[in-house]
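> To start, I am sharing the structure in question, which I have written as structure tokens.
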Amino acid sequence: MTGHPIRGLLVANRGEIAMRVLRTARRLGLRTAVVYHTIDRDAPAVAAADIAIPIIGATPVAAFLDGTQIIAAAHEAGMDAIHPGYGFLSENAGFARAVAAAGLTFIGPGPDAIDLMGDKIRARAFVAERGFPVAPSAIEDDDPSTFTARARRLGAPVLVKPSAGGGGKGMRIVRDMAELEAAITAARSEGQRYFGDGRLYVERFVERPRHIEVQVLGDAYGNIVHLFERECSVQRRFQKIVEESPSPALLAEERLRICAAAAGIARAAGYRNAGTVEFIYGKPHGTDLAGEFYFLEMNTRLQVEHPVTEMVTGLDLVEQQIRIAAGEHLGFDQDEVRTTGHAIEVRLYAEAPERDYAPTTGDVLALRWPAGEGVRVDDGIAPRQRITSAFDPMLAKIIAHGSDRATAITRLRRALHETVLLGCETNAAFLDRLLADAGFQAGAVHTGYLDLHPEIAQGMPPDEATMARLLAVACLLTRPVTEAADVVPSLHAAMGAWRN
Amino acid sequence: MSCPRSTQPWGPGVTDMQSRFTLLGAEHSVWLSRSADGYRLHVGASGDGLAISLSRGATGGTDRVLTVEGVGTPVVVAQRDDQVFIHLDGRAYALDFLDPVRSLGEDAAGAGENDIRAPMPGVVISVPIRPGDTVAAGDVLVVIESMKVQTTLRAGLAATVLSVHVAEGQTFDRDHVLVTLRAAS
């Protein structure tokens with residue numbers, strides 16, 4: 001199988017990832033195009049691409065889900081390939097097929113792999129059949145009469161989940177098997193009530209789970225490599241906030257095992273281009289037992305947090321994606337993949353963690369990004385741009401690399417302090433508190449960490465000295481306040497005093 | 001006329017013309033005083049206040065230096081309507097100026113009688129309403145002048161004028177009830 005040479009690339013995305021993909025495309029000497037919604041007309045990607053084509057939809061998001069419009073735009077701009085970014089249509093097998101049918105190259109995996117891994121139950125079964133670790137489970141549908149017995153055999157702790165469920169509804173943790181039957185009864189009735197379906201499955205529960213994922217890369221000739229792991233355990237409502245590489249949790253041997261498993265899964269799926277295999281990892285609490293890890297899912301796209309891998313490996317993943325899609329062989333084998341130092345990324349969002357992460361809006365009145373050693377910023381906003389709630393609230397990714405984790409943290413905190421964004425509230429102060437947190441610095445995080453430590457989101461009011469300085473600036477910039485002060489001495493002189 | 005120097009050069013009546021800003025949901029009262037050397041900031045009950053100044057912006061206008069009692073701090077600032085945005089010591093803040101006139105209009109939002117009070121001492125320039133008049137939100141109630149600045153007090157919402165307590169040319173103190181309204185039900 002050979003690919004087609006790529007001379008021009010259309011980015012079917014927006015914000016920071018559009019800028020990120022364009023940057024590499026331009027470096028490789030490709031012509032570039034981007035689609036955009038009018039609400040984003042001031043975004044930097046629109047000016048950065050050679051050709052910018054407006055797209056429309058019932059909502060701004062709907063425009064980016066319109067594969068037909070996007071393919072038409074690629075033809076109009078004379079492009080050979082489409083990069084879907086992440087989100088939107090990036091994991092839509094139908095879109096991948098339509099792109100190929102239109103004679104264009106889809107920068108991503110083949111549609112069959114997208115189909116396989118997109119169906120979470122099918123993916124799990126595929127992975128388990130080939131001997132890779134999945135969380136031991138008992139699925140009621142397999143044999144309802146033996147369900148409870150099979151669930152009991154899993155051993156505590158377990159998670160009882162409605163099969164039709166989502167968003168954590170109806171899930172309950174059972175730590176004492178004596179409570180298993182009551183939990184099953186309750187979960188069943190909730191499944192019926194919320195989803196109209198009372199069927200269940202039970203899975204081994206990992207205490208204080210950590211989210212470990214492995215970057216993989218495959219060419220069209222069956223060569224697969226892993227690019228080591230990332231840890232993304234600091235999350236809120238299943239949304240990642242901080243990602244890093246390497247994981248501070250894994251021992252060297254565990255790291256190799258998880259990465260080898262990921263590469264094996266990708267190989268078994270005949271995977272092509274960039275992808276990420278996600279695992280749940282945990283150590284039985286308070287023991288010295290080895291950690292256990294289980295396949296969670298595979299994401300058949302470039303992920304938001306890919307810069308972290310790029311900074312420790314020195315590779316440009318978008319470049320690798322483009323080369324693979326153009327039919328090139330992988331330019332290196334597994335032993336040539338090395339990592340140096342430590343990289344951490346934080347996601348800058350237009351939201352207020354202090355107010356339960358409520359989204360924020362505003363105009364970018366002042367904007368300045370940090371530029372210290374080992375610091376990288378992937379952003380997609382411009383001065384005077386209006387931040388709205390039309391799209392997801394991510395404004396930028398700020399990443400820092402250092403020779404070790406502590407150095408990376410120090411550099412990242414400095415970068416956050418140097419980041420100036422005025423006019424729209426962001427989570428920058430929260431991110432700084434998080435990086436300063438003792439538990440985070442010790443690497444002792446898990447996916448429930450922020451829920452256990454709500455004070456990190458809350459923050460403290462400014463101290464008196466800071467408050468005085470802030471009020472000083474505010475007063476000096478507010479005309480009614482300075483005018484009132486300007487006038488009083490002369491009034492006093494003229495009137496004596498207004499008594500009573 | 002010579003002005004006696006004292007730590008409290010303003011007598012009661014002119015009073016502390018407090019300005020209010022909110023930050024992170026908390027309200028802060030401050031006022032500025034002016035001396036030959038520049039402005040002084042008074043937060044709470046502080047006596048002499050802090051000597052403060054803000055440098056002029058360079059080309060972009062957003063980078064300034066705030067000096068408090070001779071100590072300078074670089075800040076980045078921006079403004080929009082009544083909001084002041086400040087980047088100070090590695091953090092961004094947004095302060096909202098509570099315009100006393102506007103917030104007065106907003107106070108007159110309940111059922112029953114609403115007193116419209118003077119936000120500061122002054123003199124009545126004009127009062128174009130009479131008891132019994134119906135007013136709509138935004139209609140002029142009283143035009144006053146304080147400190148050589150004219151201010152228009154407007155109805156916060158639709159109401160009926162119950163009483164008018166002042167007349168053209170009359171002086172008053174801060175908080176003096178000027179007009180009483182009854183909000184339209």
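The values are calculated or read from the model by the stated rules, or taken from the named source; none is laboratory data. Remember, it's a predicted structure, so these values are computed and weren't measured experimentally. A quick note on method: Cβ atoms are made from the backbone with ideal geometry, for glycine too, and the neighbour counts reach across all protein chains shown.
> Taking the range A:419-468, which residues are within 30 Å of A:Pro209 (Cβ to Cβ), in contact with a Gly (Cβ under 8 Å, 6 or more places away or on another chain) and within 9 Å of chain B (Cβ to nearest Cβ)?
A:Ala429, A:Asp432
> I want to confirm something. Restricting to the range A:422-439 and keeping residues that are among the aliphatic types (A, V, I, L, M) and out of contact with any His (no Cβ under 8 Å at 6 or more places or on another chain), which single residue is nearest to A:Ile409 (Cα to Cα)? Write out each step before concluding.
Filtering the range A:422-439 for residues among the aliphatic types (A, V, I, L, M) gives A:422, A:428-429, A:431, A:434-436, A:438.
Retained after the next criterion (residues that are out of contact with any His (no Cβ under 8 Å at 6 or more places or on another chain)): A:428-429, A:431, A:434-436, A:438.
Numbers: A:Ala428: 14, A:Ala429: 15, A:Leu431: 11, A:Leu434: 10, A:Leu435: 7, A:Ala436: 8, A:Ala438: 12 Å.
Among residues in the range A:422-439 that are among the aliphatic types (A, V, I, L, M) and out of contact with any His (no Cβ under 8 Å at 6 or more places or on another chain), the one nearest to A:Ile409 (Cα to Cα) is A:Leu435.
> Within the bounds of the range A:469-488, is there any residue that is more than 14 Å from chain B (Cβ to nearest Cβ), assigned to a helix (DSSP H, G or I) and either under 24 Å from A:Val364 (Cβ atoms) or among the basic types (Lys, Arg) (or both)? Steps first, please.
Restricting attention to the range A:469-488, the residues satisfying the condition of being more than 14 Å from chain B (Cβ to nearest Cβ) are none.
No, because not a single residue in the range A:469-488 is more than 14 Å from chain B (Cβ to nearest Cβ), assigned to a helix (DSSP H, G or I) and either under 24 Å from A:Val364 (Cβ atoms) or among the basic types (Lys, Arg) (or both).
> Something else about it: Can you tell me which residue is farthest from B:Ala92 (Cα to Cα) among those in the range A:398-410 that are surrounded by fewer than 22 Cβ atoms within 10 Å (Cβ to Cβ) and under 21 Å from the mean Cα position of the chain (by Cα)? Full working, then the answer.
Quick first cut of the range A:398-410, residues surrounded by fewer than 22 Cβ atoms within 10 Å (Cβ to Cβ) only: A:402-407, A:409-410.
So of that shortlist, the ones also under 21 Å from the mean Cα position of the chain (by Cα) come out as A:405, A:409.
Details: A:Arg405: 26, A:Ile409: 20 Å.
Looking at the filtered set, the residue picked out is A:Arg405.
> Tell me, which residue of the range B:101-138 that is at pLDDT below 90 and among the charged types (D, E, K, R) is farthest from A:Leu477 (Cα to Cα)?
B:Glu113
> Do you know which of the residues in the range A:426-443 that are part of a loop (DSSP other than H, G, I, E, B) and within 20 Å of the chain's Cα centre (by Cα) is surrounded by the fewest Cβ atoms within 10 Å (Cβ to Cβ)? Walk me through it before giving the result.
Just the residues of the range A:426-443 that are part of a loop (DSSP other than H, G, I, E, B), to begin with: A:426-427, A:437, A:442-443.
From the residues that got through so far, the ones that are within 20 Å of the chain's Cα centre (by Cα) too are A:426-427, A:443.
Details: A:Thr426: 23, A:Asn427: 25, A:Gly443: 14.
The selected residue is A:Gly443.
> Do you know which of the residues in the range A:49-73 that are part of a helix (DSSP H, G or I), over 24 Å from the mean Cα position of the chain (by Cα) and of a type outside the set (Val, Ile, Thr) is farthest from A:Pro5 (Cα to Cα)?
The extreme case among them is A:Gln69.
> Let me ask another. When residues of the range A:4-19 are filtered for being surrounded by fewer than 24 Cβ atoms within 10 Å (Cβ to Cβ) and on the phi < 0 side of the Ramachandran plot, how many remain? Spell out the reasoning first.
Taking the range A:4-19 and keeping what is surrounded by fewer than 24 Cβ atoms within 10 Å (Cβ to Cβ), we get A:4-8, A:15, A:19.
With the extra rule that they be on the phi < 0 side of the Ramachandran plot, the set shrinks to A:4-8, A:19.
The total comes to 6.
> From the list A:Val61, A:Val99, A:Val127, A:Val46, exactly one residue is closer than 21 Å to A:Lys397 by Cβ and at pLDDT 95 or above. Which is it? Give the derivation first.
Details: A:Val61 fails: at pLDDT 95 or above; A:Val99 fails: closer than 21 Å to A:Lys397 by Cβ; A:Val127 fails: closer than 21 Å to A:Lys397 by Cβ.
Sole residue among the options that is closer than 21 Å to A:Lys397 by Cβ and at pLDDT 95 or above: A:Val46.
> Follow-up question, since we're still on this one. Scanning for something within 14 Å of chain A (Cβ to nearest Cβ) and more than 16 Å from B:Asp99 (Cβ to Cβ), does the range B:150-169 turn up at least one residue?
So in the range B:150-169, the residues within 14 Å of chain A (Cβ to nearest Cβ) come out as B:150-152.
Of the ones still in play, those that are also more than 16 Å from B:Asp99 (Cβ to Cβ) are none.
The answer is no, given that none of the residues of the range B:150-169 is within 14 Å of chain A (Cβ to nearest Cβ) and more than 16 Å from B:Asp99 (Cβ to Cβ).
> Can you give me the number of residues within the range B:71-83 that are within 7 Å of another protein chain (Cβ to nearest Cβ) and over 14 Å from B:Leu54 (Cα atoms)?
Taking the range B:71-83 first, the residues within 7 Å of another protein chain (Cβ to nearest Cβ) are B:73, B:75-80.
Going one step further and asking which of them are over 14 Å from B:Leu54 (Cα atoms), we end up with B:79-80.
Residues meeting the conditions: 2.
> Suppose the filter is of a type in the set (D, E, K, R), on the phi < 0 side of the Ramachandran plot and without any contact (Cβ under 8 Å) to a residue 24 or more places away in the chain; does A:Asp142 pass it? Give the steps one after another, and end with the answer.
Numbers: of a type in the set (D, E, K, R): yes; on the phi < 0 side of the Ramachandran plot: yes; without any contact (Cβ under 8 Å) to a residue 24 or more places away in the chain: yes.
It is true that A:Asp142 is of a type in the set (D, E, K, R), on the phi < 0 side of the Ramachandran plot and without any contact (Cβ under 8 Å) to a residue 24 or more places away in the chain.
> Right, another one. Any residue in the range B:20-49 that's more than 7 Å from chain A (Cβ to nearest Cβ): show its pairings with residues that are of a type in the set (Lys, Arg) at Cβ separation under 9 Å, as long as the two are six or more apart or on different chains.
B:Gly25/A:Arg355; B:Glu27/B:Arg20; B:Ser29/B:Arg20; B:Arg40/B:Arg34; B:Asp48/B:Arg40; B:Gly49/B:Arg40
> Could you give every pair whose Cβ atoms fall below 6 Å, whose first residue belongs to the range A:405-418 and is over 19 Å from A:Pro246 (Cα atoms), and whose second residue is part of a helix (DSSP H, G or I) and at pLDDT 95 or above, counting only separations of at least 6 or pairs across chains?
Pairs that qualify, where the first residue is over 19 Å from A:Pro246 (Cα atoms) and the partner is part of a helix (DSSP H, G or I) and at pLDDT 95 or above, are A:Leu416/A:Ala428; A:Leu416/A:Leu431; A:Leu416/A:Asp432.
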